[in-house]
1. Given the options A:Glu95, A:Glu85, A:Glu143, name the one that is more than 14 Å from A:Val257 (Cβ to Cβ), acidic (Asp, Glu) and touching a Leu at 6+ places or on another chain (Cβ under 7 Å).
2. When the residues of region B:220-269 are filtered to those that are small (Gly, Ala, Ser) and free of Cβ contacts under 8 Å to residues at least 40 places away in the same chain, which remaining residue is farthest from B:Ala94 (Cα to Cα)?
3. Being within 21 Å of the chain's Cα centre (by Cα), modelled with pLDDT under 95 and among the small types (Gly, Ala, Ser) is true for just one of A:Ser253, A:Ser240, A:Ser202. Which residue is that?
4. Return the pair list, or none, for Cβ contacts closer than 6 Å from residues in region A:96-108 that are closer than 12 Å to A:Gln271 by Cβ to residues that are of a type in the set (S, T, N, Q), at least 6 apart or on different chains.
5. Is one or more of the residues making up region B:43-50 more than 10 Å from chain A (Cβ to nearest Cβ) and acidic (Asp, Glu)?
6. Can you pull out the residues in region A:253-268 that are assigned to a strand (DSSP E or B) and either within 18 Å of A:Lys243 (Cβ to Cβ) or open to solvent by 80 Å² or more (accessible area, probe 1.4 Å) (or both)?
7. Can you pull out the residues in region A:68-92 that are open to solvent by 20 Å² or more (accessible area, probe 1.4 Å) and modelled with pLDDT of 95 or more?
8. Can you pull out every residue in region A:104-155 that is open to solvent by 10 Å² or more (accessible area, probe 1.4 Å), part of a helix (DSSP H, G or I), more than 7 Å from chain B (Cβ to nearest Cβ) and small (Gly, Ala, Ser)?
Number of protein chains: 2
Amino acid sequence: MEPQSKKTKRNQRIVYISQYFISHPNQLVSLSYFADYFACAKSSISEDIDFIRDVFQYNQLGTIQTIAGVQGGMIYLPTLPEQEEQSLMAHIQAELASGKRILPGNYVYLADLLQKPHLLDAIAKLIASKYQSLNLDAVVTIETKGIGLCVEVARYLNIPHVVVRRSSSDMDGSTISVNYVSGSHQRVSKMELSKASLQPGSRVLIIDDFLRNGGTMLGLMSLIEEFDCKTVARCVFVESTNKDPQPLPAYDSLLKVEIVYNKEASRFELQSELGNFFDKK
Amino acid sequence: MEPQSKKTKRNQRIVYISQYFISHPNQLVSLSYFADYFACAKSSISEDIDFIRDVFQYNQLGTIQTIAGVQGGMIYLPTLPEQEEQSLMAHIQAELASGKRILPGNYVYLADLLQKPHLLDAIAKLIASKYQSLNLDAVVTIETKGIGLCVEVARYLNIPHVVVRRSSSDMDGSTISVNYVSGSHQRVSKMELSKASLQPGSRVLIIDDFLRNGGTMLGLMSLIEEFDCKTVARCVFVESTNKDPQPLPAYDSLLKVEIVYNKEASRFELQSELGNFFDKK
């Protein structure tokens, strides 16, 4: 690039630093990193970041926190703007009300929603923003349908995603397994996880796409305990209210769905409402 | 924010527009969208984007293309900066050379690499950047280990990710299935996919974490054909060179690994080299 004015240089820095924060959510970065990259004073970078912080805040894009000390730096905590959150949930509820969603065994077809990159991304950002202050070390799910959501939440939280398997695989090395009561048939099944996949002492967020009876979640919690880890929070995309009453630990759901019989139309329909994820503290 | 000078407003716009492009890769956005958001002239937005385009280009962050016409707008095509690409691949090769990677049946333990959000993100960005000009409609993988990579590549390409199942599930609705020769046991297995998951006529990129004999990839291709879709490209993270010679369609691999016996140390070791993904055209 040709020699440029001070203002132009400053604008170049704020473009670069803005994209850096967005690309590295929940990742600590030092002033020195940017000062070295641009060969300029830390004080200039500091002013740039103050400016970006204000714009992010004003547009509800999240906060840029400053961590003091030698090991300190800045960390970007993303949020979904309120208006996007509302239109996202309204869109999902409209989708849930349409199409062929009710499957045998009171399961609900959700895969199409979690396949779409912009929906998946927005849902994951929303979920991550609720738990990003909990000092989490891993996001755990069980194969298969919740994996996409787990991966995206883990990306926003900048921690590993961990996928528990329903059956053993030849590719896993040594594993730890537990039995659990599978919701689909109320029978005892086995879930297992490679020993190398989850570090002892980890603080874990459990993610799943759908909760019916909660047997799978109880199984995941006991498996996580076997790894000497702690389940700190549990979040499901959709929970069914057509379920057996069973004591479950507290969990958050984005949506509650109920299968109701429409007498006039002579068919079952899906009704949805916002879940306790959105309850004010 | 309080009323501010025109100069300050431009700074605010370029922060917002920069983060928007980074958050919406491969997604068309109109000048009007930003002009409405900021209540300013399209010509100002156009100047802002020209500036951002230059900064992105200079820092190898990707290109912002302009699509002319009424349905036109701008679209951001991300790339991984060359230096990041080199350090990424060097890091992965160092990881492959260390630790307990060789599993029974000549499988290679890779899950830890694809669990880490920053590695997964960089690998996915690299892969997506190679195929983003192919007008793809979906990214397809088979459960379970490649799903994370598939999800992240699909996010960068802004198209749905599709997960083929190895066994039927009660939650899938109606499915189409094919038989294939499973690499792990050279036996015939079944893979299937919900009919609603993939639209007829889609142009598909196949993604997998590991390729040994290619039986799974051939199975995926015939399943995709059953959906009246076209496999346009195939990409695997790691391929094994310890494989039976079998005619396979062209595919790209990021890394080739070979299991070799180290006589002095009396143990098997993993050697890796860059795959044909990096071949110059």
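1. On the way: A:Glu95 fails: more than 14 Å from A:Val257 (Cβ to Cβ); A:Glu143 fails: touching a Leu at 6+ places or on another chain (Cβ under 7 Å).
It is A:Glu85.
2. The initial filter retains those residues of region B:220-269 that are small (Gly, Ala, Ser), namely B:222, B:233, B:240, B:250, B:253, B:265-266.
Keeping just the survivors that are free of Cβ contacts under 8 Å to residues at least 40 places away in the same chain gives B:250, B:265-266.
Details: B:Ala250: 27, B:Ala265: 19, B:Ser266: 21 Å.
So, considering only residues that are small (Gly, Ala, Ser) and free of Cβ contacts under 8 Å to residues at least 40 places away in the same chain, the one farthest from B:Ala94 (Cα to Cα) is B:Ala250.
3. Numbers: A:Ser253 fails: modelled with pLDDT under 95; A:Ser202 fails: modelled with pLDDT under 95.
Of A:Ser253, A:Ser240, A:Ser202, the one residue that is within 21 Å of the chain's Cα centre (by Cα), modelled with pLDDT under 95 and among the small types (Gly, Ala, Ser) is A:Ser240.
4. A:Leu96/A:Ser272
5. So the first thing to find is which residues in region B:43-50 are more than 10 Å from chain A (Cβ to nearest Cβ), and the list is B:43-47, B:49-50.
Checking which are acidic (Asp, Glu) leaves us with B:47, B:50.
Within region B:43-50, one or more residues are more than 10 Å from chain A (Cβ to nearest Cβ) and acidic (Asp, Glu).
6. As a first pass, look at region A:253-268 and keep what is assigned to a strand (DSSP E or B): A:253-262, A:267-268.
Residues satisfying the conditions are A:Ser253, A:Leu254, A:Leu255, A:Lys256, A:Val257, A:Glu258, A:Ile259, A:Val260, A:Tyr261, A:Arg267, A:Phe268.
7. Hits for region A:68-92 are A:Ile75, A:Leu77, A:Thr79, A:Glu82, A:Gln83, A:Glu84, A:Glu85, A:Gln86, A:Ser87, A:Ala90, A:His91.
8. Those that are open to solvent by 10 Å² or more (accessible area, probe 1.4 Å), part of a helix (DSSP H, G or I), more than 7 Å from chain B (Cβ to nearest Cβ) and small (Gly, Ala, Ser): A:Ala122, A:Ser129.
The values are calculated or read from the model by the stated rules, or taken from the named source; none is laboratory data. Quick caveat, the model's predicted, so the values are computed rather than measured. Note: ideal-geometry Cβ built from the backbone for every residue, glycine included; neighbour counts use all protein chains shown. These area figures cover heavy atoms from the full protein model, side chains too; ligands, DNA and RNA do not enter into them. Shrake-Rupley method; radii C 1.70, N 1.55, O 1.52, S 1.80 Å.
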